[in-house]
Amino acid sequence: MNNGIIKKIFRSKDIKTIDAKLKMLGSNRKIKFSAVEFLNIRIITTVILTIIMLICNINYYIIPFVIIIYYNMFYYFLITNELNKRTRKLDREALTFFEILTLTLESGRNLENALQITVKNIDSELSNEFKQSLIETKYGRSLMEALEDLKNRIPSETINNIILNMKETNIFGNSIIETMNNQVDYLREKQIMEVKSQINKIPNKVSIISVIFIVPLILLIILGPFIINLL
């Protein structure tokens with residue numbers, strides 16, 4: 001299916017949205033195709049699935065539901081789910097990365113030099129994205145332009161807000177060290193809150209496990225002799 005047909009079926013706004021989300025999966029993403037190619041594969045595999053179900057004489061009432069579920073799950077597992085996983089991963093890496101960046105800035109280096117030192121000393125997905133931005137500056141782009149483009153590759157709102165603050169501080173001449181210290185404190189508090197949230201969920205999980213496994217076992221132990229006597 002060529003680009004023209006895809007653009008007639010889907011709105012340009014929807015294609016741009018998918019393209020933006022594919023970029024947010026990063027340079028090392030599993031999905032290497034464009035938004036148009038993604039939509040092509042989605043439609044073609046949906047048609048193939050429909051043909052297979054028709055050949056297998058699947059009930060005609062069931063086929064539409066299966067197609068709708070597959071069509072939506074295709075998008076969810078290849079884009080939405082991958083974006084959620086990448087966002088969580090980048091958020092976990094953010095505290096370490098920006099802590100080291102802040103320490104490097106405190107040693108008297110400017111933002112670009114501090115970023116260069118930081119990416120050399122940290123091996124993470126977030127570090128690789130900043131490294132890509134620094135490579136772009138070697139080909140004529142300014143650091144601010146590279147950071148703006150970086151935001152388009154990052155699905156995390158938290159990290160994008162930090163990048164925005166870095167840009168504004170650099171433009172308006174405010175203290176970038178003070179800004180970064182505030183951002184690091186925010187990231188640290190955010191991680192603590194997330195840990196507390198996970199801890200608070202433990203009693204609910206234990207209760208569910210108890211209801212499913214432990215309570216039936218206790219009932220079996222209590223009622224076991226009585227059932228044996230009846231038998």
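State whether the residues of the range 163-184 include one that is of a type in the set (S, T, N, Q), under 28 Å from T80 (Cβ atoms) and open to solvent by 60 Å² or more (accessible area, probe 1.4 Å).
Checked the range 163-184: no residue is of a type in the set (S, T, N, Q), under 28 Å from T80 (Cβ atoms) and open to solvent by 60 Å² or more (accessible area, probe 1.4 Å).
Looking only at residues in the range 110-131 that are among the polar types (S, T, N, Q) and either in contact with a His (Cβ under 9 Å, 6 or more places away or on another chain) or open to solvent by 70 Å² or more (accessible area, probe 1.4 Å) (or both), which one is nearest to M24 (Cα to Cα)?
Applying the first criterion (among the polar types (S, T, N, Q)) to the range 110-131 yields 110, 113, 116, 118, 121, 124, 127-128.
After this cut, where a residue has to be either in contact with a His (Cβ under 9 Å, 6 or more places away or on another chain) or open to solvent by 70 Å² or more (accessible area, probe 1.4 Å) (or both) as well, the list is 110, 121.
On the way: N110: 28, N121: 24 Å.
Checked the range 110-131; the qualifying residue nearest to M24 (Cα to Cα) is N121.
Of these, T169, T158, which one is of a type outside the set (A, V, I, L, M) and touching a residue at least 40 places away in the same chain (Cβ under 8 Å)? Outline the logic, then answer.
Values: T169 fails: touching a residue at least 40 places away in the same chain (Cβ under 8 Å).
Only one candidate qualifies: T158.
How many of the residues in the range 17-57 are outside any helix (DSSP H, G or I) and open to solvent by 60 Å² or more (accessible area, probe 1.4 Å)?
As a first pass, look at the range 17-57 and keep what is outside any helix (DSSP H, G or I): 25-34, 56-57.
This time we only want the ones that are open to solvent by 60 Å² or more (accessible area, probe 1.4 Å), so: 27-28, 30, 32, 56-57.
Qualifying residue count, the range 17-57: 6.
In the range 59-75, is there at least one residue being outside any helix (DSSP H, G or I), under 30 Å from T118 (Cα atoms) and of a type in the set (S, T, Y)? Let's see the steps before the verdict.
Quick first cut of the range 59-75, residues outside any helix (DSSP H, G or I) only: 59-62.
Filter once more, keeping what is under 30 Å from T118 (Cα atoms): none.
Scanning the range 59-75 turns up no residue that is outside any helix (DSSP H, G or I), under 30 Å from T118 (Cα atoms) and of a type in the set (S, T, Y).
Is it true that N84 is over 30 Å from F38 (Cα atoms) and in a helix (DSSP H, G or I)? Even if it seems obvious, please write down each step before you answer.
On the way: over 30 Å from F38 (Cα atoms): no; in a helix (DSSP H, G or I): yes.
So N84 fails the test.
The values are calculated or read from the model by the stated rules, or taken from the named source; none is laboratory data. Bear in mind that the values here come from a model prediction, so they are computed numbers and not experimental data. When we count neighbours, we look across all protein chains shown, and the Cβ atoms used for this are built from the backbone with ideal geometry, even at glycine. Protein only, heavy atoms only, side chains kept; ligands, DNA and RNA dropped before computing areas. Shrake-Rupley method; radii C 1.70, N 1.55, O 1.52, S 1.80 Å.
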